[in-house]
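Chemist: The structure is given below, and queries will be raised subsequently.
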Amino acid sequence: QVQLVESGGGLVQPGGSLRLSCVASGFTFSSYVMRWYRQAPGKERELVASITTTGGSTNYADSVKGRFTISRDNAENTVTLQMNSLKPEDTAVYYCNFYRRAAATNYWGQGTQVTVSS
């Protein structure tokens, strides 16, 4: 069965850094675009970053561009989000995601909490 397990969240000071990891299993990881979403209290879930199957192309929300970096290691079935220069507005639960068209299904991890103090 599909599993996406995030880790690396925590409490950090403004300007600090965190590295989130998502370990995937139960599907052919290298065949899918992987994404990171986040959801802050009272706000809708938003797409933060995406990465193509080989890692050759990435996309970022304007709010994180230049500060966050998404990467993947297909040999380890992991996708990573390096977050630098963190701001209080980055506070959210961060989720790992992919979409499987054959099943018409979005798959989500359980989420990891990132809190940036002010």
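Chemist: Only residues that are surrounded by fewer than 12 Cβ atoms within 10 Å (Cβ to Cβ) and either among the polar types (S, T, N, Q) or part of a strand (DSSP E or B) (or both): list them for region 52-105, please.
Modeler: Matches in region 52-105: Thr54, Ser57, Thr105.
Chemist: Which condition number does Gln110 fail, the rest of (1) farther than 22 Å from Glu44 by Cβ; (2) open to solvent by 50 Å² or more (accessible area, probe 1.4 Å) being met?
Modeler: (1)
Chemist: Additional query: What pairs can you find where one residue is in region 40-54 and touching a residue at least 40 places away in the same chain (Cβ under 8 Å), the other is surrounded by 13 or more Cβ atoms within 10 Å (Cβ to Cβ) and assigned to a loop (DSSP other than H, G, I, E, B), and their Cβ atoms are less than 7 Å apart, with a gap of 6+ or different chains?
Modeler: Note: pairs meeting the criteria are Ala40/Thr91; Val48/Ala61; Val48/Val64.
Chemist: Just name the residue that is farthest from the chain's Cα centre (by Cα) out of those in region 25-46 that are within 13 Å of Tyr99 (Cα to Cα) and part of a strand (DSSP E or B).
Modeler: Checking each candidate, the answer is Met34.
Chemist: Looking at region 58-81, can you tell me whether even one residue there is among the polar types (S, T, N, Q), in contact (Cβ under 8 Å) with a residue 60 or more places away in the chain and touching a strand residue (DSSP E or B) at 6+ places or on another chain (Cβ under 9 Å)?
Modeler: Yes, because at least one residue in region 58-81 is among the polar types (S, T, N, Q), in contact (Cβ under 8 Å) with a residue 60 or more places away in the chain and touching a strand residue (DSSP E or B) at 6+ places or on another chain (Cβ under 9 Å).
Chemist: Which one is least open to solvent (accessible area, probe 1.4 Å), of the residues in region 1-51 that are at pLDDT below 95 and not polar (S, T, N, Q)?
Modeler: Among those residues, the one meeting the criterion is Gly42.
Chemist: Within region 23-62, can you find the residues that are among the small types (Gly, Ala, Ser) and closer than 17 Å to Met83 by Cα?
Modeler: Once the filter is applied, which keeps residues that are among the small types (Gly, Ala, Ser) and closer than 17 Å to Met83 by Cα, region 23-62 yields Ala40, Ala49, Ser50, Ala61.
The values are calculated or read from the model by the stated rules, or taken from the named source; none is laboratory data. This one's a predicted model, so the numbers in the text were calculated from it and none came from an experiment. Virtual Cβ from ideal backbone geometry, glycine too; neighbours counted across all protein chains shown. Calculation scope for accessible area: heavy atoms of the full protein, side chains included, ligands and nucleic acids excluded. Shrake-Rupley method; radii C 1.70, N 1.55, O 1.52, S 1.80 Å.
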